[in-house]
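The values are calculated or read from the model by the stated rules, or taken from the named source; none is laboratory data. As the structure is a prediction and not an experimental result, all values here were calculated from the model. Positions of Cβ are generated from backbone atoms using ideal geometry, with glycine treated the same way; all protein chains shown enter the neighbour counts. Ligands, DNA and RNA are stripped out before the accessible areas are found, and what is left, the full protein with its side chains, is counted by its heavy atoms. Shrake-Rupley method; radii C 1.70, N 1.55, O 1.52, S 1.80 Å.
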Amino acid sequence: MGLISSIIAIIIAVSIHECAHAWMADKLGDPTGRIYGRVTLNPLKHFDVVGTLSLILFGIGWGKPVPFNPDNLKYPKRDSALIALAGPISNLLTAIIFAIPLKYLSDTTFHSFPLYDLFGNIFAISILLFSLNVLPFPPFDGSKIIGIFVPRRFHAAYDAYLRDGVKYVIIF
């Protein structure tokens, strides 16, 4: 039952995360995610075969990235960061929502039901996704969130960083 609960929790948390990206992009003026049917909690729309199975089997993976076109955004630099931030924030909010019944129903008979374990798994996976996705390293969302703080003169290097990751280590 624990494995099934974990799989369901992963599917729920990843679907919420990816839907939040698409919803935010749509709210900021880019309909690409909506056109592709990604503003939904339907897990089939967010399922990446390799990424999701890897997440289930090995504990590390990804959902299908939500496409967006920065040319449709009024303030591309700021709005891209907000779109990236929407995923981790949705996971944090999900964790908070599921923490409430875990906290207040732990001393009741609800504690013995499988639904309690599912809530615990959704909480844990949501915290994990939040924590990983705020890291400022590609391909995590945090690498896109910091773009709002990168000065314009370093934007070409920042774009290369997003595209290629860290290629060189500079030692002072």
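Observations
- For residue 7 and residue 155, a Förster radius of 35 Å and the Cβ-Cβ distance give a FRET efficiency of 0.30, rounded to the nearest 0.05.
- Relative packing of peptides 138-144, 70-76, 9-15 - highest average C-beta neighbours within 10 Å first: 9-15, 138-144, 70-76
- With the convex hull constructed from alpha-carbon coordinates only, the range 1-91 shows a mean projected area of 5.7 nm² over all directions.
- Accessible area expressed per residue, the chain, with surrounding protein chains retained (probe 1.4 Å, Å²): 61
- Rounded percent of accessible protein surface that carbon and sulfur make up, the range 22-172, 1.4 Å probe: 69
- Using the Cβ-Cβ distance between residue 74 and residue 137 with R0 = 22 Å, the FRET efficiency computed as 1/(1 + (r/R0)^6) comes to roughly 0.20.
- Distance between the C-alpha centres of the range 62-119 and the range 15-53: 13 Å, rounded to the whole angstrom.
- Here each label is just a point 7 Å from Cα along the line to Cβ, and for residue 100 and residue 40 those points are 2.8 nm apart.
- Nearby lysines by direct alpha-carbon distance to residue 45 (threshold 26 angstrom, same-chain neighbours under 8 apart not counted): 27, 64, 144
- On the principal axes of its alpha carbon atoms, the chain extends 59, 44, 31 Å, with the longest extent given first.
- For the chain, the mean residue ellipticity at 222 nm estimated from helices alone is -20000 deg cm²/dmol, where every DSSP H run of n ≥ 4 contributes -39500 (n - 2.57) and the total is divided by all residues, rounded to the nearest 500.
- Placing +1 on the Cβ of every Lys and Arg and -1 on the Cβ of every Asp and Glu, with nothing else charged, gives the chain a dipole about its Cα centre of roughly 520 debye.
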